[in-house]
Every structure is written in C-alpha cells, then in structure tokens.
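K.L.:
Below you'll find the structure I mean.
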C-alpha cells in the first residue's frame, strides 16, 4: 500500500478540520486549509468534494462559509479514509477483503506469497482501522502545545487556550476503550515519524 498525494491531502485536511473543531472553530475555508498545509487549492477542493460526498465533511456556502467535519472525529477511522481515497489496503488483489481479484498463481490456497501478503494486509488494516482521526488530532495538539507551536485556527485569547485541555479530557472519557495516549503516540510515531506528530 502506498498513500497517494490525494490520500495524504485528504488526511491532512481532515486532521486540520479536527484541530479546528477542538479549538472551537466552526468552519474553515478551503483556501485557508490549503494555505495552512501548503496544498494546491483547486486539487484540495476536489478532495473536499469527495469527502463531502462520503459524508465525512460538510460545507456551508457564503462569505463566512467553509468546511467542517460531518461527524465526530472519533467515528472516522484512518483506514476508512485511505480506502475511500486510494482503494483497498491489500498489496495484491488476491488478499483484498473489499476488492478481491484472482491472481495468476495456480494454487492460491498454498501460495506462500499470498500468505505473506495476507499478513501484510492484516497488519496495515489492523493499525489504520484501530486509530481514529481523534487519536491523530489529540497527539498533534499535544505535541504542538509541548513545543509551544501556535495552534492553527485557534482563538489566541487565554480563555480559549484554557478550554482545550478540559475538552480533550471529556473526549477521552467518552472514547472508553481506546488505548492510552502514549500507546497511540508510540504507534503513530513509528508509522509517520516524530516530525509530523
């Protein structure tokens, strides 16, 4: 599985919309999302339309319009977004659960390559389906606060900054059985490196 630019931009945009929701921002314009992540705005608008069609984001028109998440970030798994944008997670078609294709192997049941690729597919799916957009947003915000990086889309008033930790604690309590933040952070660090979380 290789994440395409479209998939990367979709995930980065959803993360930013999740951050915006956490800091109390109701709507974010496509141009602002594009500028914040240095993405091409026209391409991003096409991606946002695909996310909207999938009911992951919603938009509001007008001078003060923009985009926001259409559902809580804890209900959006990273795996579902990758599948939506880039298709199946399986490295070869004969191990895909959503887009199975018969391979050229004469004995699929005893094919060592298929067994190996099935393990690869299961490992990728296990990680991407385990973590939600809320997990990634939480880790991102924590690292930004730790490093005193200004939060994007945030009101810089003291009241708004104080409001964030309580909100994060409430969401964590609602999440119930999620793994501790340090475990989430460890897996995300392993997957995408310290520079991005």
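The values are calculated or read from the model by the stated rules, or taken from the named source; none is laboratory data. The structure displayed is predicted, hence computed values, not measured ones. Quick reminder, even Gly has a Cβ in these numbers, built from the backbone with ideal geometry, and neighbours come from all protein chains shown.
K.L.:
Which numbered condition trips up residue 91, out of (1) within 27 Å of residue 137 (Cα to Cα); (2) touching a residue at least 60 places away in the same chain (Cβ under 8 Å)?
P.N.:
Only one criterion in (1) within 27 Å of residue 137 (Cα to Cα); (2) touching a residue at least 60 places away in the same chain (Cβ under 8 Å) is unmet by residue 91, namely (1).
K.L.:
Please verify whether the range 62-80 includes one or more residues that are loosely packed, with under 14 Cβ neighbours inside 10 Å, assigned by TED's automatic domain parsing to the domain that holds residue 27 and free of Cβ contacts under 8 Å to residues at least 12 places away in the same chain.
P.N.:
Yes, some residue in the range 62-80 is loosely packed, with under 14 Cβ neighbours inside 10 Å, assigned by TED's automatic domain parsing to the domain that holds residue 27 and free of Cβ contacts under 8 Å to residues at least 12 places away in the same chain.
K.L.:
For the range 17-30, indicate whether the set of residues that are outside any loop (DSSP other than H, G, I, E, B), within 20 Å of residue 84 (Cβ to Cβ) and without any contact (Cβ under 8 Å) to a residue 40 or more places away in the chain is non-empty.
P.N.:
Yes, the range 17-30 has at least one match.
K.L.:
Working only within the range 7-26, note down all residues that are over 14 Å from residue 152 (Cβ atoms) and surrounded by 15 or more Cβ atoms within 10 Å (Cβ to Cβ).
P.N.:
7, 8, 9, 10, 11 - these are the residues of the range 7-26 that are over 14 Å from residue 152 (Cβ atoms) and surrounded by 15 or more Cβ atoms within 10 Å (Cβ to Cβ).
K.L.:
In contact with a strand residue (DSSP E or B) (Cβ under 8 Å, 6 or more places away or on another chain) and without any contact (Cβ under 8 Å) to a residue 24 or more places away in the chain - does that describe any residue in the range 35-50?
P.N.:
No, the range 35-50 contains no residue that is in contact with a strand residue (DSSP E or B) (Cβ under 8 Å, 6 or more places away or on another chain) and without any contact (Cβ under 8 Å) to a residue 24 or more places away in the chain.
K.L.:
Of the residues that sit in the range 83-104 and are closer than 25 Å to residue 9 by Cβ and at pLDDT below 85, which one is surrounded by the most Cβ atoms within 10 Å (Cβ to Cβ)?
P.N.:
Looking at the filtered set, the residue picked out is 89.
K.L.:
Of the residues that make up the range 74-92, is at least one touching a strand residue (DSSP E or B) at 6+ places or on another chain (Cβ under 8 Å), assigned to a loop (DSSP other than H, G, I, E, B) and closer than 30 Å to residue 149 by Cα? Working first, answer last.
P.N.:
Initial filter on the range 74-92 (touching a strand residue (DSSP E or B) at 6+ places or on another chain (Cβ under 8 Å)): 74-78.
Now restrict to residues that are assigned to a loop (DSSP other than H, G, I, E, B): 76.
Okay, now just the ones that are also closer than 30 Å to residue 149 by Cα, so 76.
Yes, the range 74-92 contains a residue that is touching a strand residue (DSSP E or B) at 6+ places or on another chain (Cβ under 8 Å), assigned to a loop (DSSP other than H, G, I, E, B) and closer than 30 Å to residue 149 by Cα.
K.L.:
Going by the structure shown, is residue 107 surrounded by fewer than 16 Cβ atoms within 10 Å (Cβ to Cβ) and more than 16 Å from residue 11 (Cα to Cα)?
P.N.:
Against the criterion (surrounded by fewer than 16 Cβ atoms within 10 Å (Cβ to Cβ) and more than 16 Å from residue 11 (Cα to Cα)), residue 107 qualifies.
K.L.:
Scan the range 83-104 residue by residue and report those that are in contact with a helix residue (DSSP H, G or I) (Cβ under 6 Å, 6 or more places away or on another chain) and under 19 Å from residue 46 (Cβ atoms).
P.N.:
Residues satisfying the conditions are 85, 86.
K.L.:
Oh, and also: Name the residue, out of 173, 168, that is at pLDDT below 85, surrounded by 15 or more Cβ atoms within 10 Å (Cβ to Cβ), within 29 Å of residue 58 (Cα to Cα) and under 21 Å from the mean Cα position of the chain (by Cα).
P.N.:
Values: 173 fails: surrounded by 15 or more Cβ atoms within 10 Å (Cβ to Cβ).
Exactly one of 173, 168 is at pLDDT below 85, surrounded by 15 or more Cβ atoms within 10 Å (Cβ to Cβ), within 29 Å of residue 58 (Cα to Cα) and under 21 Å from the mean Cα position of the chain (by Cα), namely 168.
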